[in-house]
1. Among what's in region 49-75 and is without any contact (Cβ under 8 Å) to a residue 24 or more places away in the chain and not in a loop (DSSP other than H, G, I, E, B), pick the residue that is farthest from residue 103 (Cα to Cα).
2. Counting only residues that are under 16 Å from residue 126 (Cβ atoms) and touching a strand residue (DSSP E or B) at 6+ places or on another chain (Cβ under 7 Å), which one in region 83-108 is surrounded by the most Cβ atoms within 10 Å (Cβ to Cβ)?
3. What is the one condition in (1) under 19 Å from the mean Cα position of the chain (by Cα); (2) farther than 25 Å from residue 210 by Cβ that residue 339 does not satisfy?
4. Can you tell me which residue among 540, 473 is at pLDDT 90 or above and within 34 Å of the chain's Cα centre (by Cα)?
5. Going by the structure shown, is residue 179 exposed (fewer than 13 other Cβ atoms within 10 Å of the Cβ), assigned to a loop (DSSP other than H, G, I, E, B) and out of contact with any strand residue (DSSP E or B) (no Cβ under 6 Å at 6 or more places or on another chain)?
6. Consider region 222-251. How many of its residues are touching a helix residue (DSSP H, G or I) at 6+ places or on another chain (Cβ under 8 Å) and surrounded by fewer than 17 Cβ atoms within 10 Å (Cβ to Cβ)?
7. Given the options 286, 279, name the one that is closer than 22 Å to residue 190 by Cβ and in contact (Cβ under 8 Å) with a residue 40 or more places away in the chain.
């Protein structure tokens, strides 16, 4: 290489030029850093976290607010994939969205209605709103994403929306409760409304149960979205079994967010789910249950608890109204029946009094003829027949007068066990004749106020029926014990036979006057009516359980009053 010869003057001039250029570079660098610092300062002064993203899904810059929001340092994010701050389940969809945006870049403001989620370094997901602004840097399109955490705002909006739905549904259910429609229909319509609340139920699945008065089980009366397998497996749920039965038995709301050990009842097409099991309760008594199916992992919410409990209270009101309506109808029917029976009693008593004297005369003359007529003669047979029929008619008249007559009360402290013994002693021969074994099961009970003669008559009528029901022999059991009914103390006399029993359709009629199951057997249909009347005179009541072919059980409930002043205070005319 040829060596360039420079003079001293030229060398000094060249060095001066280099110094000037270096000074200019340093000034430019200083100006650049000042501009960069100012630019970064402006970005850091932004109220929102900001992220710069390239077409290649790469983060090239974040401001300090973004660092604070996501929990990363700037150097941890720069040159990294945007997937770092996007929940994994959205990666593919979000990348496709970004590619579409770069293909047609445009400014997109916040609040466009998309439901977006971001991911912090800690792994926590949160709701965000994002505005996008494309800019050109060195000829390359870069998107500035301004991110805003809207978690609290969303919670407030959801709370307002949820309370709106809760109140609207509760108002609608209360309106339904006042409609003149069948209870099951009202419960079904109300269930549809409950399940329409957003985010509450799993695919609108739920059920309403009522407690059966016969079996004590929860019986499905309204179901929504349930499969055939669920309907078959969960149509009847015993109290204390599975989540529903336990919630009803405890009168306590139970919650589960997955199929845990509380799910005792299984079905073939089972799927992951949870439950709100909300008992329908009135004065501590379970009436039914609301079962709402939940998505697995659903979080229990106090507002949902309060809403469902309010709905259950409304359902309890519906059921109470239904029971009140039935009770009203029954009372009206009983009142009409009482008025009919009172009129019948007056007519019957008058008729009985009118024919009593002629009948006595006929019987008297027939008995006189019996004494004078020769045994075995046709005339004697006629006289015997007349006396037998007159005796039967006199027995009917005695029953009619016993039913229609108002007796003066003669209450005294009585040991009801002695009364039962008197009845068994009176019919000892009849029991032996029919090979009926008498069993006593007396518990220690206190003396009670009764009209002994009338109480004995009430028991006699049932014992006689029991004897007739066991013509081929059997067992007659009289059990006496104390018992509380609706928190009131009673002494209960239980008379059980192993006879033919009573058909279900006849149970409601056996206490009616002149109704008898002894067709062609000399039954007059007044014995049980008289027994019921006697129990009403004592301020108690009588009930029956029976199964055809298995026998019957009659229960006499005598109020446990040991002193006359107690009975008078209770409103009894002594």
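The values are calculated or read from the model by the stated rules, or taken from the named source; none is laboratory data. All values derive from a computational prediction rather than experimental measurement. Please note: Cβ atoms are built from the backbone with ideal geometry, for glycine as well, and neighbour counts cover all protein chains shown.
1. Only one residue fits best here, namely 68.
2. 85
3. Of (1) under 19 Å from the mean Cα position of the chain (by Cα); (2) farther than 25 Å from residue 210 by Cβ, only one is false for residue 339: (1).
4. Answer to the check: 540.
5. yes
6. The total comes to 3.
7. Only one candidate passes the filter, namely 286.
Yes/no per residue for (1) modelled with pLDDT of 80 or more; (2) farther than 14 Å from residue 458 by Cα:
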{"position": "504", "(1), (2)": "yes, yes"}
{"position": "522", "(1), (2)": "no, yes"}
{"position": "528", "(1), (2)": "yes, no"}
{"position": "536", "(1), (2)": "yes, no"}
